[in-house]
Amino acid sequence: MRIALIDTLYPQFVARHYAERPGLARRAYAEQHAALIERCFGTSDAYSANLRALGHEAVDLLVDVEPLQRAWAREHGALTARERLPGRLGRLGPERLRAVARAQIAAFGADVVYCQSLSFFTPQDLDALRAEGRLVVGQIASAPPAAEQLRAYDLLLTSFPHYVERFQALGVDSEYFRIGFDERVLDRLRGEGVDPDAAAPGRHGAVFVGGIHPSVHGEGVRRWERLLGRIPFDVYGYGGEHLPDVSPLRRAWRGEAWGLDMYAVLARSGIALNRHIAAAEGFANNMRLYEATGVGALLVTEAAPNLGELFEPGVEVVTYGGEEELAEVVAHYLRHDDERRTIAAAGQQRTLADHTYARRMRELVALLEPRLR
């Protein structure tokens, strides 16, 4: 099976990545691609590496990274005269980025086009890919796009349990598929001098790592602001510059932390706070569940009806039902470090046993292979 993995990256991360590496945007495609993958952002190459370990061919296409895609097009003689111009004049627009991605898929000869972003390709693009005989799969854990977009997929995978029947009601094949943890991150952290063991000395305090833009995560921002009135914790994430100066969250903000830097923040912290977006509708599903437990932090997350399928509450993770309980729970484990370490160690063990991408890719292959026959 040949799988083209279609991924998009946060613009804030991409801008910072290239700004910190002057000249990278003019380098060869392979060099730019390797530099991005090395950052361990999002799922990075966890899917492709584990699929290859299972005997399949897989390629990571970072389709919205304009300098990267321009380099591929340049090396394959696909740039127009205008696109060969330097700077912003030569940039590829959305339509051309989709065309380059389609060319990459064709060059790879993909049997499966696996889209981590459901909205990058238009329905017409997706129909064309299907007409070429490719299985077109989407993965989603956010508010869905329009029904027309969803129906353009052969299969939709989601870590939202409540989405499966909704997609099926639209006439789209759908399956529940959980997120996971890339255990290779642990060796990367050790190489940077960070001990990711749950019992490592020096872990301290509580932290939240995630989006804090007030116009995007308004209710989450207000929750953390109220909590900061009772419990100290550090905050890392994008959008902090948009918080008002008087916000306690702005004062607790330590800047952005992407990829391996994010994992290092979590690995140095005793407690990792978690909250889900509104589209989760009360179900536990997000990446922080696995990122935090995977690097040995004590996860404090909302009580959820499906959480017990992922972790044992009170044994492997700690839950809260409301803001009063959240404050009490965090205060308790800041005072009782032995208890914190015991639960964090159990959570890390559970993630490394049941929630790695090595295991997830075996599950993914079992979903895809029958649909290719």
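The values are calculated or read from the model by the stated rules, or taken from the named source; none is laboratory data. Keep in mind that what you see is a predicted model, and the values were worked out from it rather than measured. Cβ placement follows ideal geometry from the backbone for every residue including glycine, while neighbour counts extend to all protein chains displayed. All accessible areas refer to the heavy atoms of the entire protein, side chains included, with ligands and DNA or RNA removed. Shrake-Rupley method; radii C 1.70, N 1.55, O 1.52, S 1.80 Å.
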What span do the alpha-carbon atoms of region 259-373 cover on each of the three principal axes, reported in whole Å from largest to smallest?
56, 28, 25
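Rg over Rh of region 11-146, using C-alpha atoms and the Kirkwood radius, what does it come to? Please list the in-between numbers first.
Details: Rg = 15.3 Å, Rh = 16.1 Å.
Rounded to two decimals, Rg/Rh equals 0.95.
Once you charge only the Cβ atoms, +1 for Lys and Arg and -1 for Asp and Glu, what is the size of the charge dipole of the chain about its Cα centre, to the nearest 20 debye?
Details: 44 positive and 50 negative charges, 231 e Å.
For this selection, approximately 1100 debye.
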Nearest 10 degrees, 0 to 90: helix 357-372 Cα axis against the chain principal axis
40 degrees
Please give me the summed charge of the neighbours of Val235: other residues whose Cβ is under 13 Å from its Cβ, Lys and Arg +1, Asp and Glu -1.
+1
In whole Å, largest first, what are the principal axis extents of the Cα atoms in region 153-243?
51, 35, 22
Given the C-alpha centroids of region 274-312 and region 127-194, what is the distance between them in whole angstrom?
18 Å
Heavy-atom accessible area per residue of the chain, all protein chains kept, 1.4 Å probe, expressed in Å², is 43 Å²
Report Rg/Rh for region 333-373, rounded to two decimals, where Rg is the Cα radius of gyration and Rh the Kirkwood radius.
1.37
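Where the eigenvalues come from the Cα gyration tensor of the chain, what are the semi-axes √(5λ) of the equivalent ellipsoid, largest first, in whole Å?
Values: eigenvalues 249, 118, 80 Å².
Three semi-axes, in Å: 35, 24, 20.
What's the carbon and sulfur percent of the chain's accessible surface, probe 1.4 angstrom, rounded to a whole number? Before the final figure, lay out the partial values.
Details: 8080 of 15940 Å².
So the carbon and sulfur contribution to the accessible surface is 51 percent.
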Cβ-derived FRET efficiency at R0 30 Å, Arg88 paired with Ala147, nearest 0.05:
0.25
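By the gyration tensor of its Cα atoms, with a ≥ b ≥ c the square roots of the eigenvalues, what is the shape of region 206-284: rounded for a/c under 1.5, prolate for a/b over b/c, or oblate?
Details: a/c = 1.32, a/b = 1.07, b/c = 1.23.
Taking the square roots of the gyration eigenvalues as a ≥ b ≥ c, region 206-284 is rounded.
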